[in-house]
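J.: Below is a structure I'd like to ask you about.
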Amino acid sequence: AEADAQQALTDGFHLIIDALKLNDINTIYGVPGIPITDFGRMAQAEGIRVISFRHEQNAGNAAAIAGYLTQKPGICLTVSAPGFLNGLTALAHATTNCWPMIQISGSSEREIVDLQQGDYEEMDQLAIAKPLCKAAYRILHAEDIGIGIARAIRAAVSGRPGGVYLDLPAKLFGQVMDAAAGTRSLVKVIDPAPKQLPAPDAIARALNVLKGAKKPLIILGKGASYAQADDEIRALVEKSGIPYLPMSMAKGLLPDNHPQSAGAARSLVLKEADVVMMIGARLNWLLSHGKGKQWGSEPKKFIQIDIEPKEMDSNVEIAAPLVGDIGSCVSALLDGMGGDWQRPPAGWTDMIREKVEANIAKMAPRLMNNNSPMDFHGALGVLKTVIKERPDAILVNEGANTLDFARSIIDMYKPRKRLDVGTWGVMGVGMGTAIAAAIETGHPVLAVEGDSAFGFSGMEVETICRYNLPVCIVVFNNNGIYRGTDVNPSGSSDAATTVFVKDARYDKMMEAFGGVGVYATSPDELRRAVNEAMDSGKPTLINAVIDEKAGTESGRIGNLNPQSVVAKK
Ligand code: ADP
Ligand code: MG
């Protein structure tokens with residue numbers, strides 16, 4: 001009888017697990033500790049894949065990119081106060097990038113926290129999280145777990161996706177309730193991201209603007225790749241005949257070698273276009289806010305497809321706002337185009353093609369050099385071929401020069417294969433992103449990392465080895481941030497602010513945990529090592545020695561550095 005009574009009970013731990021599973025959430029990225037250690041164990045025992053990291057920010061970055069790849073909220077599990085704060089950077093990053101994620105954090109006793117009596121890891125986490133994410137909730141009672149998790153999921157994925165904070169005080173986990181009542185309290189979220197249809201007159205207006213264009217351009221953003229409307233988008237581009245420019249994470253939505261890609265003629269098309277249709281891309285800093293020198297003197301009309309109405313007119317006037325989900329908007333445009341759509345004038349498309357071909361031809365010989373130490377072009381020429389031969393592999397990319405050069409040199413052939421620093425241009429996403437990419441897709445991952453960028457998440461090479469993930473990291477080692485050549489201007493023996501230990505052996509870090517480490521000084525060595533790693537699937541780190549004089553300050557965004565007016569001493 002005692003056993004029966006026990007069987008008929010459930011508790012907070014199990015209700016949270018059951019609520020997640022009921023909603024098809026089967027992976028958690030986190031770092032164990034008080035008060036969520038047992039929760040992680042139980043979740044693993046119940047069949048959830050629980051991936052433990054060495055630092056919460058990396059677990060959070062993994063959850064963020066998992067959300068982008070799957071359209072389900074990526075879950076990051078953190079301990080109270082410091083662990084919570086470590087994860088919060090990634091939650092804000094997910095929100096900024098419009099990716100669905102839920103940071104679930106344990107927290108200390110409410111009564112003590114609210115009276116500020118000095119609890120273990122005391123912090124009013126809900127209040128702190130609120131301004132940094134799309135929504136924030138706290139669950140105090142076991143019977144509210146079902147509705148609380150449903151609310152978090154819907155908030156993360158509906159409308160413009162984003163990060164959600166879910167606060168779970170330690171006491172909640174142990175709260176007991178009747179098992180049958182517990183099961184009834186759970187909520188399966190129905191249609192978590194409902195379609196949002198554009199208004200017919202908005203579609204007609206957009207088509208009118210498009211018909212009036214002599215030099216139209218489509219810009220595809222990562223919202224378009226997130227939307228998983230790949231076939232519709234391709235049909236729209238091809239039926240319209242309009243040249244398109246992919247933003248970095250939209251590369252591969254259509255293959256980069258597509259005849260309509262204007263990727264290699266970016267400066268030209270931004271200057272010359274007269275009508276620009278943005279699909280899941282924002283006119284933020286990455287597009288110079290839609291104005292200024294980069295956009296030239298040709299007057300522009302913008303059409304913008306976005307699920308977030310407030311995005312319209314955020315930087316410049318939008319002549320034809322299309323508010324709705326990308327799949328529905330693009331389908332409606334296709335329907336409205338009818339059978340006799342006029343493709344853009346050949347003068348425009350031919351001019352772009354010529355520029356694209358000229359730029360590609362100019363770049364080609366630089367990519368084939370076999371210099372040692374390597375420059376960025378020699379090393380990236382190798383990696384370009386690696387991805388071309390393995391279009392299903394996922395490319396993770398961060399750094400300054402390493403990012404800028406790789407973005408333009410490495411062609412992508414399939415959607416959602418290029419994962420990078422996103423809207424913030426943040427350094428430190430690399431290993432979390434690589435780990436989640438391998439876990440969520442099962443495909444091999446090539447992480448192309450600046451040596452500085454790698455340092456932010458480098459300890460996760462242990463995680464990669466522990467889970468035996470098919471991740472090949474190539475560290476572009478030029479001895480420092482931007483370059484490795486700076487000297488301390490004061491004459492002191494302290495290192496300059498932007499340089500690292502010369503000729504550091506990042507490859508040995510991988511070996512320390514049982515992975516494969518390679519020291520590569522030439523493109524030939526790099527090619528051999530990367531091919532072997534990508535084919536074997538063994539965790540590998542290749543230390544690619546790059547000329548420390550190669551690279552420029554801040555890569556291509558040096559103009560964002562403030563300048564001192566005081567003359568240099
Ligand atoms: P990029 O940096 O590639 O230009 P952004 O992150 O700036 O892309 O823009 C992505 C945009 O896509 C955001 O404004 C977001 O609201 C929008 N978006 C995301 N998902 C969808 C969707 N399913 N339908 C419509 N718009 C979406
Ligand atoms: Mg560097």
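Per-residue answers, yes or no, for (1) more than 16 Å from ligand 2 (Cβ to nearest atom); (2) surrounded by fewer than 20 Cβ atoms within 10 Å (Cβ to Cβ); (3) polar (S, T, N, Q):
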residue: 228; (1), (2), (3): yes, yes, yes
residue: 238; (1), (2), (3): yes, yes, no
residue: 243; (1), (2), (3): yes, no, no
residue: 247; (1), (2), (3): yes, no, no
residue: 255; (1), (2), (3): yes, yes, no
residue: 261; (1), (2), (3): yes, no, yes
residue: 268; (1), (2), (3): yes, yes, no
residue: 278; (1), (2), (3): yes, no, no
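J.: Could you list, in sequence order, all residues of segment 492-523 that are of a type in the set (Gly, Ala, Ser), farther than 18 Å from residue 537 by Cβ and surrounded by fewer than 20 Cβ atoms within 10 Å (Cβ to Cβ)?
T.: Within segment 492-523, 492, 493, 495, 496, 504, 512, 522 meet the criteria.
J.: Could you check residue 530 against (1) part of a helix (DSSP H, G or I); (2) touching a Cys at 6+ places or on another chain (Cβ under 9 Å); (3) surrounded by fewer than 16 Cβ atoms within 10 Å (Cβ to Cβ) and say which number it fails?
T.: (3)
J.: Between 421, 475, 445, which is within 16 Å of ligand 1 (Cβ to nearest atom), β-branched (Val, Ile, Thr) and surrounded by 18 or more Cβ atoms within 10 Å (Cβ to Cβ)?
T.: Testing whether each residue is within 16 Å of ligand 1 (Cβ to nearest atom), β-branched (Val, Ile, Thr) and surrounded by 18 or more Cβ atoms within 10 Å (Cβ to Cβ) leaves just 421.
J.: Please report, ordered by residue number, the strands (runs of 3 or more DSSP E) entirely within segment 243-309 with at least 1 residues that are more than 24 Å from residue 343 (Cβ to Cβ), within 12 Å of ligand 1 (Cβ to nearest atom) and not aromatic (Phe, Trp, Tyr).
T.: 301-306
J.: If the Cβ limit is 6 Å and pairs must be 6+ apart or interchain, which residue in segment 394-417 that is over 21 Å from residue 478 (Cα atoms) pairs with which residue that is away from ligand 1 (no atom under 16 Å from the Cβ) and among the β-branched types (Val, Ile, Thr)?
T.: 394/445; 417/394
J.: Which residue is farthest from residue 195 (Cα to Cα), if the candidates are limited to segment 229-284 and must be of a type in the set (Ser, Thr, Tyr) and in contact (Cβ under 8 Å) with a residue 60 or more places away in the chain?
T.: Restricting attention to segment 229-284, the residues satisfying the condition of being of a type in the set (Ser, Thr, Tyr) are 240, 244, 248, 261, 267.
Among the residues that remain, those that are also in contact (Cβ under 8 Å) with a residue 60 or more places away in the chain are: 240, 248, 261.
Numbers: 240: 24, 248: 26, 261: 29 Å.
The selected residue is 261.
J.: Restricting attention to segment 472-500, which residues are within 28 Å of the chain's Cα centre (by Cα) and among the charged types (D, E, K, R)?
T.: Across segment 472-500, the qualifying residue is only 483.
J.: Out of the residues in segment 138-190 that are under 24 Å from the mean Cα position of the chain (by Cα) and free of Cβ contacts under 8 Å to residues at least 40 places away in the same chain, state the one that is farthest from residue 36 (Cα to Cα).
T.: If we take residues in segment 138-190 being under 24 Å from the mean Cα position of the chain (by Cα) and free of Cβ contacts under 8 Å to residues at least 40 places away in the same chain, then 158 is farthest from residue 36 (Cα to Cα).
J.: Another question, then. What number of residues within segment 62-86 satisfy the criterion of being part of a helix (DSSP H, G or I), out of contact with any Ser or Thr (no Cβ under 6 Å at 6 or more places or on another chain) and farther than 15 Å from residue 104 by Cβ?
T.: 4
J.: Exactly one of these conditions fails for residue 389: (1) out of contact with any Lys or Arg (no Cβ under 6 Å at 6 or more places or on another chain); (2) over 14 Å from residue 527 (Cα atoms). Give me its number.
T.: Here residue 389 clears every test but (2).
J.: Then there's this: For segment 208-225, give me each residue that is within 16 Å of ligand 1 (Cβ to nearest atom), of a type outside the set (D, E, K, R) and surrounded by 24 or more Cβ atoms within 10 Å (Cβ to Cβ). Steps first, please.
T.: Here is the first cut: in segment 208-225, the ones within 16 Å of ligand 1 (Cβ to nearest atom) are 217-225.
With of a type outside the set (D, E, K, R) added as a condition, the list becomes 217-221, 223-225.
Answer for segment 208-225, where residues must be within 16 Å of ligand 1 (Cβ to nearest atom), of a type outside the set (D, E, K, R) and surrounded by 24 or more Cβ atoms within 10 Å (Cβ to Cβ): 218, 219, 220, 221, 223, 224, 225.
J.: Name, by its number, the condition in (1) part of a loop (DSSP other than H, G, I, E, B); (2) within 16 Å of ligand 2 (Cβ to nearest atom) that does not hold for residue 413.
T.: (2)
J.: Would segment 302-319 turn up any residue that is among the hydrophobic types (A, V, I, L, M, F, W, C), more than 16 Å from ligand 2 (Cβ to nearest atom) and closer than 16 Å to residue 356 by Cα?
T.: No, segment 302-319 contains no residue that is among the hydrophobic types (A, V, I, L, M, F, W, C), more than 16 Å from ligand 2 (Cβ to nearest atom) and closer than 16 Å to residue 356 by Cα.
J.: Here's something else I'd like to know. Within segment 158-174, work out how many residues are touching an Asp or Glu at 6+ places or on another chain (Cβ under 7 Å), outside any helix (DSSP H, G or I) and crowded, with 18+ Cβ neighbours inside 10 Å.
T.: 1
J.: Limited to segment 310-359, what total is found for residues that are surrounded by 14 or more Cβ atoms within 10 Å (Cβ to Cβ), away from ligand 1 (no atom under 16 Å from the Cβ) and of a type in the set (A, V, I, L, M, F, W, C)?
T.: 7
J.: Among the residues in segment 546-557, are any closer than 27 Å to residue 390 by Cα and of a type outside the set (Ser, Thr, Tyr)?
T.: yes
J.: Step by step: first the residues of segment 22-62, then only those that are touching a residue at least 60 places away in the same chain (Cβ under 8 Å) and of a type in the set (S, T, N, Q), then the one that is surrounded by the fewest Cβ atoms within 10 Å (Cβ to Cβ). Which residue is that?
T.: 52
J.: Okay, next question. As an exercise: evaluate residue 556 against (1) surrounded by fewer than 19 Cβ atoms within 10 Å (Cβ to Cβ); (2) within 16 Å of ligand 2 (Cβ to nearest atom); (3) at pLDDT 95 or above and give the number of the one condition it does not meet.
T.: Result: residue 556 fails condition (3) only.
J.: Just checking, which of 184, 110 is away from ligand 2 (no atom under 16 Å from the Cβ) and either in contact with a His (Cβ under 6 Å, 6 or more places away or on another chain) or within 20 Å of residue 23 (Cα to Cα) (or both)?
T.: Of 184, 110, the one residue that is away from ligand 2 (no atom under 16 Å from the Cβ) and either in contact with a His (Cβ under 6 Å, 6 or more places away or on another chain) or within 20 Å of residue 23 (Cα to Cα) (or both) is 184.
The values are calculated or read from the model by the stated rules, or taken from the named source; none is laboratory data. All values derive from a computational prediction rather than experimental measurement. Virtual Cβ from ideal backbone geometry, glycine too; neighbours counted across all protein chains shown.
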